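The values are calculated or read from the model by the stated rules, or taken from the named source; none is laboratory data. All values derive from a computational prediction rather than experimental measurement. Ideal geometry is used to build each Cβ from the backbone, glycine not excepted, and the neighbour counts take in all protein chains shown. These area figures cover heavy atoms from the full protein model, side chains too; ligands, DNA and RNA do not enter into them. Shrake-Rupley method; radii C 1.70, N 1.55, O 1.52, S 1.80 Å.
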Amino acid sequence: MRWGSVRVAMRCLTSSIRIGRAITLGLFFFCTLSFASHVEACTLWAATGQSVDGNGTLIAKNRDWTPDHGQELLVLRPKAGYASLVLIATGGDEPGAKAGVNEKGLVIVSATASQLSREERNRAQQKHGLTKTLLAECASVADVLNRLNQFRRPVFYLVGDKNTIASIEVAPDGRVHVERRTTGTLAHTNHYLAADARGVERLPSASSTIRLKQIEQLLREQNRPFSLDAFIRLSEDKSNGPDDSIWRTGSIPKKKRTLASWIVRIPQNGTPELYLKTADPGHSERICWLSADDAFSAGRNRISLDGNLCRAKAADR
């Protein structure tokens, strides 16, 4: 073989290696972005004031996550502070309190800021168990908003009492944006809605965008004032398929899906009422109807989702 032919062959080989590396690198970034676009979880929505039957407030969370853990309904009774009824994730890679209502009728739910990686979300130094602390120490939305200096980790919160609802967005740099209503509705999924959320470069995922559009459309189209039953129907919406609906079933077994619907009605007078639907791995779907007073007076720290307290309430409806 002549040296000219050898040089041509070497150039072709080098070019092929470069193309192969480019393809590999492209596939890496494609897979990375594809994974990042599917870490989204949870749909939050609420209504208050004249938008709610009998006034008061309705607040809801469809909790979406990887089906690799269980959930418990606990009554927390701090030595100093208010008792609360809390949905706890047990096991998995994000355990802890996911939603709660305290004896003063304050409800707190949260959603992951999935435009940020877990590493980015965990950089902020924040007191562990903020949701449980707020439920123990705050009696109203106003009390929560007076403690915004405690919100440092990038998370989305929806909070409500009998008169007010508010969404709270915590940006990566610790700034906080609040939307507050004394009548009307609010909704959130897993991407930033505030115009001043600097430091967020990743685009919203398709699922988060679709679910937000869907819940906002459903809230607009429903007859008002809203009832608890109306919010339950919204929580069951499956019109956008297994991965993008309000109630997600997951297109493959290990994909994120809806594990719980947490809906609380906070009346102007009387005790809050909880509707909880869970879909833990290895269990059939379970529904619990429970008044906050019944939970706090039962003398239990754990409310069995298969127990008489939940079943008795469901039988009354």
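Figures for the structure shown
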quantity: Selection from region 123-133 of residues that are of a type outside the set (D, E, K, R) and either surrounded by fewer than 14 Cβ atoms within 10 Å (Cβ to Cβ) or at positive phi (or both); calculated: Gln125, His128, Gly129
quantity: Verdict on Ala298 being touching a strand residue (DSSP E or B) at 6+ places or on another chain (Cβ under 8 Å), small (Gly, Ala, Ser) and buried (at least 17 other Cβ atoms within 10 Å of the Cβ); calculated: no
quantity: Condition check for Arg63: surrounded by 22 or more Cβ atoms within 10 Å (Cβ to Cβ) and charged (D, E, K, R); calculated: yes
quantity: Tally, over region 219-241, of residues that are open to solvent by less than 20 Å² (accessible area, probe 1.4 Å) and under 17 Å from the mean Cα position of the chain (by Cα); calculated: 4
quantity: Meets criteria (more than 17 Å from the chain's Cα centre (by Cα), modelled with pLDDT of 95 or more and charged (D, E, K, R)) for Glu216; calculated: no
quantity: Helices (runs of 4 or more DSSP H) fully within region 203-298 counting 2 or more residues that are closer than 30 Å to Gly81 by Cβ; calculated: 228-235, 292-297
quantity: The one condition in (1) surrounded by 16 or more Cβ atoms within 10 Å (Cβ to Cβ); (2) of a type in the set (A, V, I, L, M, F, W, C); (3) under 21 Å from Ala113 (Cβ atoms); (4) in contact (Cβ under 8 Å) with a residue 40 or more places away in the chain that Ile210 fails to fulfil; calculated: (4)
quantity: Within region 160-179, considering residues that are of a type in the set (D, E, K, R) and closer than 29 Å to Gln268 by Cα, the one most open to solvent (accessible area, probe 1.4 Å); calculated: Lys162
quantity: Top-ranked residue of region 271-284 - restricted to ones that are modelled with pLDDT of 95 or more and open to solvent by 20 Å² or more (accessible area, probe 1.4 Å), ranked as nearest to the chain's Cα centre (by Cα); calculated: Lys277
quantity: Residue in region 180-202 that is assigned to a helix (DSSP H, G or I) and surrounded by 19 or more Cβ atoms within 10 Å (Cβ to Cβ) present; calculated: no
quantity: Subset tally (residues that are basic (Lys, Arg) and part of a loop (DSSP other than H, G, I, E, B)) for region 40-87; calculated: 2
quantity: Flag if Arg153 is of a type outside the set (A, V, I, L, M), more than 17 Å from Gly96 (Cβ to Cβ) and either open to solvent by 20 Å² or more (accessible area, probe 1.4 Å) or assigned to a loop (DSSP other than H, G, I, E, B) (or both); calculated: no
quantity: Test set (1) closer than 24 Å to Leu212 by Cα; (2) in a loop (DSSP other than H, G, I, E, B) - His128 fails condition number; calculated: (1)
quantity: Unmet requirement for Glu120, which otherwise passes all of (1) open to solvent by less than 20 Å² (accessible area, probe 1.4 Å); (2) among the acidic types (Asp, Glu); (3) farther than 21 Å from Lys104 by Cβ; calculated: (1)
quantity: Hits in region 137-147 - residues which are open to solvent by 50 Å² or more (accessible area, probe 1.4 Å) and not in a loop (DSSP other than H, G, I, E, B); calculated: Glu137, Ala142, Asp143
quantity: First in region 266-291 and under 13 Å from Arg63 (Cβ atoms), second anywhere and of a type in the set (D, E, K, R), Cβ under 6 Å, 6 or more apart; calculated: Thr278/Arg286; Ala279/Glu285
quantity: Those residues of region 74-113 which are touching a His at 6+ places or on another chain (Cβ under 7 Å) and either buried (at least 18 other Cβ atoms within 10 Å of the Cβ) or farther than 20 Å from Thr258 by Cα (or both), in sequence order; calculated: Ala89, Ala111
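For every residue, the table says whether it meets (1) open to solvent by 30 Å² or more (accessible area, probe 1.4 Å); (2) touching a helix residue (DSSP H, G or I) at 6+ places or on another chain (Cβ under 9 Å); (3) under 21 Å from Glu216 (Cβ atoms).
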position	(1), (2), (3)
Thr43	no, yes, yes
Thr48	no, no, yes
Gly70	no, no, no
Leu116	no, no, no
Leu135	no, no, no
